[in-house]
2 protein chains.
Amino acid sequence: MDRFFEEAAEFLRNCEDALIITHQSPDGDTIGSAYALKEALYLMGKRAKVICQEEFPERFHFITETDEHKCEDFEEKCVIAVDVADTALMGDDVEKKYSKKVDLCIDHHETNKEYAERTLVIPEAAAACEVLFKLFEQMELKLNTRIATCLYTGIVTDTGCFRFSNAGIDAHVIAAVLIAYGIDFPWINRHLFDVKTKKRIELESYLSQNIEYLYDDRVAVISVTKDIQERFSMTSDDFDGITPLATKVEAVQIGILIKQKEENKFKISMRATGNINVGKICATMGGGGHAKAAGCTIFGTFEEVKEKLIKTAGEYL
Amino acid sequence: MDRFFEEAAEFLRNCEDALIITHQSPDGDTIGSAYALKEALYLMGKRAKVICQEEFPERFHFITETDEHKCEDFEEKCVIAVDVADTALMGDDVEKKYSKKVDLCIDHHETNKEYAERTLVIPEAAAACEVLFKLFEQMELKLNTRIATCLYTGIVTDTGCFRFSNAGIDAHVIAAVLIAYGIDFPWINRHLFDVKTKKRIELESYLSQNIEYLYDDRVAVISVTKDIQERFSMTSDDFDGITPLATKVEAVQIGILIKQKEENKFKISMRATGNINVGKICATMGGGGHAKAAGCTIFGTFEEVKEKLIKTAGEYL
């Protein structure tokens, strides 16, 4: 067994009363990892509780609200972070309280800052849940349907349901093993990837019909001004997953979402396909982010902001 | 080895100059099966050609237009049908010429009519491509990247990229094996599931905004009458993937697409979520298919057809 696996396994075998930390803007992988680990610790006769800076989104309540181990009135004796590459991602309150106290971090981000006492990170893993699966396997821990459900959820979340390049051999082999535990994967997938509210369908249809394409379709812009936000009674949740609508057309290299915050203040999100680095583009406008997903805030009238964005994007094509 | 596998293997080993028949409205599974089999026969030192009543959709040209075995000026000595449950699905011309001459049928539809001299059908298989994979495996045929690409395409097509209930243990294990052949699965998945033309985005937006919901949203109907087909210059390709748009809202149990073929002739496609068996529903109207995806043809005015469908669907809720 790999030294890091052995170290993590040893820690779990000996730990007691664990606090499990997820990252802010919690997704299926951090939630799936946390609740799979919590369940595993209970199977090992221990206690654990999961915390998050923010509330868990409703779409993951099938995991977070079905947990049977509710007796969480204990003072933690150790701290484990899952899918948290950097303490800054814990959110302010959690970071302040726990950033220097993490005993074990289980992760798959190659950018992991190694802030924990022990770090088990496999950058080739599709998801932190894949790392956990391998850890449980090497510990010869017998899984159950709940753990399998949690781990499967993390893997499908991070691979876009096996669409992306990280959905390699291991992700499929692990999925096959998890499915053998009798998990309701068709429901999970429909719930996470297919189901939409009527309001969402209306919104996506409207926005999709009003995308502006520029530079031979290499740049696509979705504008969500205040009047559109009011028309569809949009809340901040409704902006989740909107920017990718701009990158559906094959030729698009830069997808841009212009979200009006105030009269002359606009929040910008960008997504790149291919080799464009939108992190760099946003950095020139005072923002930042990853190569494939980034953002910035721009002040001015809607027309000015849009013109500036289109001009700047054009320079990077 | 199962008797039916042995029979099919024996036939392939001894066959010569094969004609491979796909079903009309060709999808990734029938196309993937046909070209995987064609390539396999060439690897075995034989000749084969693929036919279809209709042109292959552009989205599958990455398979159909990259075939290197173009020397197809031979008279077939045997006929193999793949993913064709019923000769009626071959399309009129092909059915007329070949329906009584099929030597081997390789399929995964439990409704297979066993019209061929030999039938290898595995109803539990996610795709005909899964059946072919198992056949090749039992024949100990060494695959190549092209065959793996074809088989993966069939499996992702029929499982909705591993979303549906048929994406079970075998589908994932086979995907893992196929990925090991170095196929470009991230490209295949973006190409098949993410990328859309502007025309397609317009069409989906329009249809999504005009879905009729009935029985407390448990039934959803998309109607594509001739005037809509003309408005969006729709070809038969454009109907691919339309029916699932009807099942996006969580409560929907039966999604129905009504496609006008002629003034008083309508082709119906149904998709089920949950436990409804739309194969049975379509069978009562002279059609058939799988539990989760089925179809039929109904004659009458648009209003009559819609009313009949809504009434019949209501009886199965």
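The values are calculated or read from the model by the stated rules, or taken from the named source; none is laboratory data. Everything numeric here is computed off the predicted structure, so don't read it as measured data. Positions of Cβ are backbone-derived with ideal geometry, glycine not excepted, and every protein chain shown enters the neighbour counts. Calculation scope for accessible area: heavy atoms of the full protein, side chains included, ligands and nucleic acids excluded. Shrake-Rupley method; radii C 1.70, N 1.55, O 1.52, S 1.80 Å.
Listing for the model above:
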{"item": "Prolate/oblate/rounded label for the stretch B:3-193 (Cα gyration tensor, a/c 1.5)", "result": "rounded"}
{"item": "Listed residues A:Asn166, A:Asn264, A:Asn144, most fluctuating in chain A (Gaussian network, C-alpha, under 10 Å)", "result": "A:Asn264"}
{"item": "Sulfur and carbon atoms: percent of accessible area, the stretch A:3-193 [1.4 Å]", "result": "47"}
{"item": "Considering only the protein assembly as shown, percent of DSSP beta bridges that pair antiparallel, nearest 5", "result": "50"}
{"item": "Charge dipole (debye, nearest 20) of the stretch A:33-119; +1 at Cβ of Lys and Arg, -1 at Cβ of Asp and Glu", "result": "360"}
{"item": "Dipole magnitude (debye, nearest 20) for chain A, charges at Cβ of Lys, Arg, Asp, Glu", "result": "560"}
{"item": "Relative contact order (%) - the stretch A:102-179, alpha-carbon pairs under 8 angstrom, separation at least six", "result": "26"}
{"item": "Accessible area of the protein assembly as shown divided out per residue, in Å², using a probe of 1.4 angstrom", "result": "44"}
{"item": "Highest to lowest packing among A:95-103, A:255-263, B:130-138, scored as the average C-beta count within 10 Å", "result": "B:130-138, A:255-263, A:95-103"}
{"item": "Carbon + sulfur, % of accessible area of the stretch A:198-316 - ligands and nucleic acids excluded, 1.4 Å", "result": "45"}
{"item": "Accessible area buried between chains A and B, both sides summed, probe 1.4 Å, in Å² to nearest 100", "result": "3400"}
{"item": "Overall form of the stretch B:162-295 per C-alpha gyration tensor (a/c, 1.5; a/b vs b/c)", "result": "oblate"}
{"item": "The stretch B:59-92: GluC sites (Glu not before Pro) in DSSP loop, at most 12 other beta carbons within 10 Å", "result": "B:Glu65, B:Glu68, B:Glu75"}
{"item": "Chain A: angle of helix A:198-209 to the longest principal axis, Cα-based, in degrees nearest 10", "result": "50"}
{"item": "Label-point separation in nm, B:Ala291 to B:Lys308, each point 7 Å along Cα→Cβ", "result": "2.7"}
{"item": "Neighbour-limited loop hits for chymotrypsin sites (Phe, Trp or Tyr not before Pro), the stretch A:21-87 (at most 14 other Cβ within 10 Å; DSSP other than H, G, I, E, B)", "result": "A:Phe74"}
{"item": "18 Å reach of a label modelled at B:Asn277, 7 Å along Cα-to-Cβ, counting backbone N of the stretch B:287-317", "result": "B:287-296, B:312-317"}
{"item": "Shielding by partners, peptide A:154-163 (average Cβ within 10 angstrom, other chains)", "result": "4"}
{"item": "Label point distance in nm, A:Tyr213-A:Glu16, each placed 7 Å from Cα along Cα→Cβ", "result": "6.5"}
{"item": "Helix axis angle, A:28-43 relative to chain A longest principal axis, alpha carbon, degrees", "result": "10"}
{"item": "Residue-span extension gain [B:Tyr42 to B:Thr284] - 0.36 nm each, minus C-alpha spacing", "result": "82.9 nm"}
{"item": "Test item: A:165-172 mean partner chain Cβ contacts at 10 Å", "result": "6"}
{"item": "Normalised contact order of the stretch A:198-316, rounded percent, pairs of Cα under 8 Å and 6 or more residues apart", "result": "19"}
{"item": "Alpha-carbon centroid distance for the pair the stretch A:33-69 / the stretch B:74-121, whole angstrom", "result": "52"}
{"item": "Entries in A:Lys38/A:Lys77; A:Lys49/A:Lys70; B:Lys267/B:Lys308; B:Lys38/B:Lys196; B:Lys259/B:Lys308; A:Lys196/B:Lys280 that, when Cα-Cα distance is taken, lie over 19 Å", "result": "B:Lys38/B:Lys196; A:Lys196/B:Lys280"}
{"item": "Euclidean distance of C-alpha centroids, the stretch B:230-302 and the stretch A:255-301, integer Å", "result": "41"}
{"item": "Förster-model FRET efficiency, 25 Å R0, B:Glu140 and B:Glu117, C-beta, rounded to 0.05", "result": "0.55"}
{"item": "Averaged over A:240-247, number of beta-carbon atoms from partner chains that fall within 10 Å", "result": "1"}
{"item": "Helix A:128-138 vs. chain A, principal-axis angle (Cα, 0 to 90°, nearest 10)", "result": "20"}
{"item": "Mean Cα-pair separation over length for chain B, i.e. relative contact order, pairs under 8 Å, 6 or more apart, %", "result": "12"}
{"item": "Prolate/oblate/rounded call for the stretch A:44-92, Cα gyration tensor, a/c under 1.5 rounded", "result": "oblate"}
{"item": "³J(HN,Hα) computed for each position of the stretch B:293-300 - Karplus, 6.51 cos²θ - 1.76 cosθ + 1.60, integer Hz, glycine/proline x", "result": "8, 8, x, 6, 10, 10, 9, x"}
{"item": "Two-site label geometry, A:Lys265 and B:Glu202: point separation in nm, points 7 Å out along Cα→Cβ", "result": "3.8"}
